[in-house]
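Only one structure is covered here, and it is reproduced in the block below.
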Amino acid sequence: MRYHDFISLKSNYMSNNKQQIELQKEMGPNWFASVMGTGIIANAAVGLPFIGKNLAGFSTVVWLIAFAMLIFMTILKSYQTITKPHIIKRQFNDPVMSQFFGAPPMAFLTVAGGTLLLGPHLFGESLALNIAWPLFWIGTISGIITAIIIPYRLFTHNEVHDDAAFGGWLMPVVPPMVSATIGSMFLAHMPHSAAQQTLLYGMYACFGISLMASIIIITLIWSRLAHAGTSGSARVPTLWIVLGPLGQSITAAGCLGTAALITVNEPIASAMNMMAILYGVPIWGFAMLWFCVAALLTLRAMRRKMPFALTWWAFTFPVGTCVTGTTQLAHHTGLPAFQWAAIILFAFLILAWVTAALGTLKGFKQGKIFHNPTSVVHIKAKKGNN
């Protein structure tokens, strides 16, 4: 073997080793799902029927933890992007990991909602608004960009097989629905003006962006399950993401309907408020159907030794949106059935969070949590112009 051939082989070997070491240290956008899953506990708890007021202290602590997590992860991801831009480029080009770029916008929006609900008790309404507004706009603008760019690249760049649809496809299109919910909360703090009404209608537009895209994707997921089944892998928890747009849309319809009463004139205000029930109850029914199906598929996968991955955080935020959506139905109908259903779902949310948190701690201990499996077997494929 010639000397320069030997050097070339040695260089390739060291390069490959360096890549494997780097993979053990990188942070993906899916990490922000833990902020979403933690923050939604605070947002859901404080509004619960019967016991919400008694959980104000607990909610505040959880919200502060989620806020600290958001700051830490934003700094860490920003530093990694600046110092090692090839990592985020590879993640952006990955057909699976790229879908989770919808998580950071939703993390910002979730914390913004907690700031509006719980921040005034700590440092006053004015400061809480000054903190929440930037968080809201960062999440909303980046969420709309994500909802456009990621599907565009899915259509034009990634090689997609017939059985490729999975819950992660919903991640980039759900942020506008979260914006619709959080945006409605600002309307009560705005003067009655054209700007207030514009924000209301803008949030309904965000509602439509996410709803229509989610319906299409959920249909594709159902088709994939019917034709190809479930792999039983760590991708199974992403089936719970389907509950995200369902529960969040019920929450958004309820919050927007309530906000409409102080924003627009009759009869539009009453019609918007009535939509909270006419839309919310049927969608809640389908959400409960999917809850049962996803639970059965998850139990089946666990019996087959489904490995832990950060996708387990998909158990948390979607279930949390079902809690907030059910709470809105309880508020608009006054029915005890929805009131108790919200509390029962909240218990499931706590169980889901504990499950994901324990798995994450175990992953940290073993050092596997930093590993990005989609980057090891990365298929670089581009579609032709069409």
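Return the carbon/sulfur percentage of the accessible area of the chain, one whole number, probe 1.4 Å, all protein chains in place.
On the way: 12630 of 18050 Å².
Roughly 70 percent, rounded to a whole number.
Rounded to the nearest 500, what is the chain's calculated 222 nm mean residue ellipticity when only DSSP H runs of at least 4 contribute -39500 (n - 2.57) each, over all residues?
The helix-only estimate for the chain comes to -24500 deg cm²/dmol at 222 nm.
At q = 0.17, 0.22, 0.23, 0.29 Å⁻¹, what log₁₀ I(q)/I(0) does the range 268-325 have when each alpha carbon counts as one equal point scatterer in the Debye sum?
Each listed q corresponds, in turn, to -0.69, -0.93, -0.98, -1.18.
Taking every alpha carbon pair in the range 145-232, what does the distance histogram look like in 10 angstrom bins from 0, in percent?
Binned Cα distances yield the sequence 16, 37, 25, 14, 6, 1.
Quick one: helix 3-23 against the long Cα principal axis of the chain, what's the angle to the nearest 10°, folded into 0 to 90?
The angle comes out near 20 degrees.
Counting only heavy atoms of protein chains, what accessible area per residue, in Å², does the chain have with a probe of 1.4 Å?
Per residue, the chain has an accessible area of 47 Å².
Pairs of Cα atoms under 8 Å, at least six residues apart: use those to get the relative contact order of the range 123-280, whole percent.
Normalised by residue count, the contact order of the range 123-280 is 26 percent.
So how tilted is helix 280-303 from the main axis of the chain? Cα-based, degrees 0 to 90, rounded to 10.
Between helix and principal axis, roughly 30 degrees.
Compute the separation of the alpha-carbon centres of the range 187-230 and the range 64-82 and state it in Å as a whole number.
Using only Cα atoms to place each centre, the spacing works out to 27 Å.
Quick check: the angle from helix 194-228's long axis to the longest principal axis of the chain, C-alpha only, nearest 10 degrees?
The two axes meet at around 50 degrees.
Just to be sure I understand the curve: with the Debye formula and one point per C-alpha of the range 187-321, what is log10 I(q)/I(0) at q = 0.14, 0.20 Å⁻¹?
Each listed q corresponds, in turn, to -0.71, -1.11.
Based on alpha-carbon atoms only, what is the radius of gyration of the range 55-195 relative to the globular estimate 2.2 N^0.38 Å? Provide the component values of the computation, followed by the final result.
Working: Rg = 17.2 Å, N = 141, 2.2 N^0.38 = 14.4 Å.
Normalised by 2.2 N^0.38 Å, the Cα Rg of the range 55-195 equals 1.19.
How far apart, in nm, are two points set 7 Å out from the Cα along the Cα-to-Cβ line at ALA164 and at ARG303?
3.2
Note the per residue figure in Å³ for the convex hull of the C-alpha positions in the chain.
165
Output the relative contact order of the chain, whole-number percent, from Cα pairs under 8 angstrom with separation of 6+ residues. Before the final figure, lay out each step's value.
Numbers: 582 pairs, mean separation 82.7, N = 386.
Value for the chain: 21 percent.
The values are calculated or read from the model by the stated rules, or taken from the named source; none is laboratory data. In this text the structure is predicted, and so the values were computed from the model without any measurement. Note: ideal-geometry Cβ built from the backbone for every residue, glycine included; neighbour counts use all protein chains shown. Quick note on the areas: whole protein, heavy atoms, side chains included, nothing else; ligands and nucleic acids left out. Shrake-Rupley method; radii C 1.70, N 1.55, O 1.52, S 1.80 Å.
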